[in-house]
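Scroll down for the structure; my scribbles are underneath it.
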Amino acid sequence: MSVRGHYRVNRSCLVMMVLFAFINGCTSLKESRPILPIRAYEKMIVGNLDADYVGTQNCLAACHAHDMLKRFFDASTMGAQLKKESGMPLVDCESCHGPGSLAIKGLTKERVEKDAQQGIKTKCDFKMLIDLKNLPGTAQSLICLKCHTANATFNLHNWNAGVHAINEVSCFNCHNIHAGPDLKVTPRASGKLCVTCHQSAQAQFSLPSHHPLKEGRVFCVDCHNPHGGFAESSLLQDTVKETCVQCHPDKRGPFLYEHGDVGENCTTCHNAHGSVNNRLLNAREPFLCLQCHEGHRLNQAAGGSITAERARALYTRCTDCHSRIHGSDVPSTSGGGRFIR
Amino acid sequence: MRYKKMHCILSVFVLLLILCGGVSRSMGAEDQEPQSPAAEGNCPLIQEEPAADCHVKGNYFLGYRWVTQKDTLKAAEYIYPHSSVTFGLDLVACPLPYRYHVNSEFLSSYDFYTDAGFAYKDIVLFRDILVGAHHNLEHFNYHLNDELPVIHTDNNAGDKYYTDFTSNLVTLRLKYPDFPLHAFFVNRSIEQEGRIQQRFLLGTITDPNKISESRDIDWDSNAMKLGANSHLGPLELEYAYDQAKFKPGSNNILYDSYPLSSSGQPADIYPHNVIAETESSAHTLKLHSSYTGGIVTAATLSNLYQKNNYSLTESTTWKGAFDLTWIPDPLVGVFFKYRHRNVTMDTPDVATLSGLSNTLTIPVRDGVSYDKDVFSLSTRYRSLNFLSLLASYEFSHLERKDVAEWGILPGQTNIHTINFTTHVKPLDRVKVTGSYEVKMYDQPEYNSTPDSANKLRLTTTYTPTPWLNVYLEYLLAMTERNALHYINNDPSLSVLELGERDGRHDQFLASLTTELSAKLSMTTSWFYQRWDVKQDLTYNKWNAAGTAGASWPEGPYLDFGVPYTDESNSFSLSFHYLPTEDITCFAGATYTVAKGDAGYTDVVGGAPFSLPSFSSLKTSETLFSLGITKKLSKEWEVGINSSLGIYNDKAYDLLDGYVVTTICNLKRYF
């Protein structure tokens, strides 16, 4: 398909967007229901059925008035969602922690203030709230997903069948809902957060050839999408090559002479996290190439071994001559695609 | 290009100033404490919107970085080797309904990081992540530590090579006010400029002349995504359009004088090492059901078109994905995934090689087009609170088209993968994960692809007390391959099936983090990695008649069971010490030693050289770092951080060098 053809399709999609705006008026489209409710998890996250909802003000304003978590929560996107008119699920403390009337039973404004004067932080009976910490990972994530499923959060598109969800890594493991205004893990923070579980990946970045992760110039999320994706290893793009060429665009191609279909998977020759060999190579040249390719002649036509000079030229670094090994657009001297021009 | 980069940096800092201005205007609102009712008994009150309450918090710093280095820059691989002023700003401000954040660090004109964001309610979300990195590249030397002569010419022997990389990722998402309908725009622009070592062959294989020369690069890449998504009741839908373009700048084609080749190509000046301009566009449609519940589905359909504007090679890729999650009960989960990829290469039938005096038309074989389907089925059984069992099976089918001309590539490759994983908490403070995976390949495509592979991974986390954490990880991967395929250099493209290959990968990590006292914490780790391969290799040879060309059917030289090894050990130790409330100290050391050998043998006999000596590896890298910060007052802090990096190329002494960096900063909190 030509680029012009793509533009035509693009116009069609703009029309589709206008259609979206039209159907916005349809109330039923705002609903969100699971295909098959999973009642066991629903029971875990519904909270104490004997309790009543008391509202955010009674949680935050009473006991957590001066906590940083209140400030961050107020400042979050969810803070904006407190308006019922938004048509989105109401979010407040009790949306996640469950109804809180039993937790604050017996607490009065006077007592909170008196404790505060004495430097005591008044504690509620948090055992009457949902025991978030000890829920199964899937149930923890369900608390978040109940809102984010109705909010067109497409970065979670492949979450449910992704490797983290399957292994019951929950939203809580990475997102600290009270820690910052956007709840997002910043690129820099990802470099520290991911390695709390993936410690060997961090260690690989200490090898002599590595991407500048520990130097703070490349981040885990440059290559990986922790919410899952199209490709294996939760890569950010659909293939290994599409991920790598984000920053190495000169290797994108397509080329007149491709390196078979090796080029589709850069990890055939490179280890992206780190290597003892230069250029992140899985093995040093020439062994790297000799694994698949027959080496150049070691004998002379007249008999006997080639000279040391020639051996050094042919068996040190193959890429000294095969300099377009990632793909070439110029025929070689032999007329084929030897990646030397 | 430099101007563009500086312009980019300036733009971001102007944006920061504007943001700070916006924040200061809203300070009045921040000073007002919320007046909200407290709890009264267990009687719930009417829900009220909380007032805006987020103070501006952050800090900025100004300092200087001294950089001293000697010999090569390998020890300073990602350090701009000149001293410079440093500054930075961290800021979080939430004068609702606006929210801002800035996290920036400027170490030099080529080494910086900025993450700046702005949000208005949930209606506007904007973010800009700007990264600049300087990369010192090796100048490959053709002379190793011996005096063997080499056929080569280095036209710029004293040049230092580097690239300056700048990435700017801009994200903008707009939401329809009362409905989850979004429009989004993402743009990633990459600039790479600098001087690289261009190595190439001038001459022929029988009369080679290896050339090295400097090449200035000025590459631009831009990838843009534009799309919209919406919640539509039972379904959510997203459409995105991607467009990317890579511009290699003006120095993208080199011309040199080539002699008459053995294949008859006339002597002439020909282009070589072309960096082609490329472009691509893609349409992607995503559709999923509610993320909650026992059944969740997600589907993706995408079409990618790519074009090389130099050789006019094109490719079209259709991608499809389907995910199905079924959790009938908390005890059991079933996960199905399907991935489809269809790649059609459209390679020109002939290539035109235009020399100064000759124009040659050369036939080109088709690129490899293929269909790939991957099905995977995983199950999870959470039998007890402390035990989870996972099992998965994946089948991958790759069907290559038009591979007759490629000779060595099989028409199809099938891969079966079975994985078992267990997560156990045998004790309250111990977590153990064990994973075993076996892969079986039917018609593996490359010699480095095995017939079968087995991988075992064990990890243990032990936290006996809150102040002690121990982590252990061991990985063992073993691969086997029979009947390797080698292709002869001769035009008849005969393929030889011979030899075998065994591989083994060991990896071990142990780390310990502890608080030695209330003021002193320590982290130490040991990382070990070893990669062993034993493979039969082949080398072409002149046949007995001394005829040029094919060595077969007489057969190539065979080097049986060539051992190849890479091994590394990395040790690290770091301390954090808080001698007083206003002083923080850090000290760390990392020592990494790596070695590698390949045991080629002299298959001809009487060779006046040793092949293993051309590519051995023995290096050590040491990094010491020391830092101290002192709070001068509630607002002011002074800090000094110093590091010493030493690289020792024990095999050839070509990359030896050290670098010392010292950063002194004065920081103000607000």
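Coordinate-derived values only; no laboratory data. What you see is a predicted model; the values in this text were computed from it and never measured. All Cβ positions, glycine included, derive from the backbone under ideal geometry; neighbour counts span all protein chains shown.
Below is a table of values for the structure above.
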quantity: Selected from B:Phe375, B:Ile640, A:Ile45, residue furthest toward positive end of dipole (the protein assembly as shown; charges at beta carbon); calculated: A:Ile45
quantity: Pairwise FRET efficiency - B:Ser633 versus B:Lys425, Cβ, R0 = 60 Å, nearest 0.05; calculated: 0.80
quantity: In nm, spacing of pseudo-spin labels at A:Lys127 and B:Ile253 (7 Å Cα→C-beta vector); calculated: 8.0 nm
quantity: Over the protein assembly as shown: Kirkwood hydrodynamic radius from C-alpha pairwise inverse distances, Å; calculated: 31.4 Å
quantity: Dimensions in Å of the range B:162-290 - Rg and Dmax from alpha carbons; calculated: 23.4, 73
quantity: Distance between the range B:584-604 and the range B:267-339 - C-alpha centres, whole angstrom; calculated: 38 Å
quantity: Candidates per chymotrypsin sites (Phe, Trp or Tyr not before Pro) in the range B:556-618, loop by DSSP, up to 11 other Cβ within 10 Å; calculated: none
quantity: Long-range amide H partners of A:Asn225 with built H, under 5 Å; calculated: A:Leu235, A:Leu236
quantity: Pairwise label distance in nanometres, B:Asn141 with B:Tyr669, each label 7 Å out on the Cα-Cβ vector; calculated: 5.0 nm
quantity: Kirkwood Rh in Å, taken over chain B so that all alpha-carbon pairs contribute; calculated: 31.1 Å
quantity: Distance (nanometres) between label positions extended 7 Å along Cα→Cβ at B:Ile123 and B:Val495; calculated: 6.3 nm
quantity: Measure of compaction for the range A:201-282 (Cα Rg per 2.2 N^0.38 Å); calculated: 1.11
quantity: Extension gain (nm, one decimal) between B:Ser354 and B:Thr580, 0.36 nm per residue minus Cα-Cα; calculated: 74.0 nm
quantity: Gap separating the Cα centres of the range B:625-670 and the range B:496-522, nearest whole Å; calculated: 27 Å
quantity: Residue pairs, from the table A:Lys251/B:Lys401; B:Lys534/B:Lys650; A:Lys109/B:Lys519; A:Lys214/B:Lys595, whose Cα atoms sit over 28 Å apart; calculated: A:Lys109/B:Lys519
quantity: Amide H partners (placed H, <5 Å) of A:His296, local residues excluded; calculated: B:Asn540
quantity: Whole-angstrom Cα spans of the range B:372-512 along principal axes, big to small; calculated: 69, 30, 19
quantity: Between helix B:2-25 and chain B: long-axis angle, C-alpha atoms, 0 to 90°, nearest 10; calculated: 10 degrees
quantity: Computed lengthening from B:Ser263 to B:Leu312, 0.36 nm per intervening residue step minus Cα-Cα distance; calculated: 15.1 nm
quantity: Gain in span if fully extended, B:Leu512 to B:Tyr528, counting 0.36 nm per residue against the direct Cα distance; calculated: 4.2 nm
quantity: Summed residue charge, Cβ within 13 Å of A:Gln117's Cβ, Lys/Arg positive, Asp/Glu negative; calculated: +1
quantity: Computed E for B:Tyr381/A:His198 - FRET, C-beta separation, R0 22 angstrom, nearest 0.05; calculated: 0.35
quantity: Partners for B:Lys425 among lysines (Cα-Cα distance below 26 Å; same-chain residues under 8 apart left out); calculated: A:Lys43, A:Lys127, A:Lys133, A:Lys192, B:Lys455
quantity: Cut-off 12 Å (backbone N to label point 7 Å along Cα→Cβ of B:Leu520), residues of the range B:557-580; calculated: B:575-579
quantity: Alpha-carbon centroid distance for the pair the range B:159-222 / the range A:91-145, whole angstrom; calculated: 50 Å
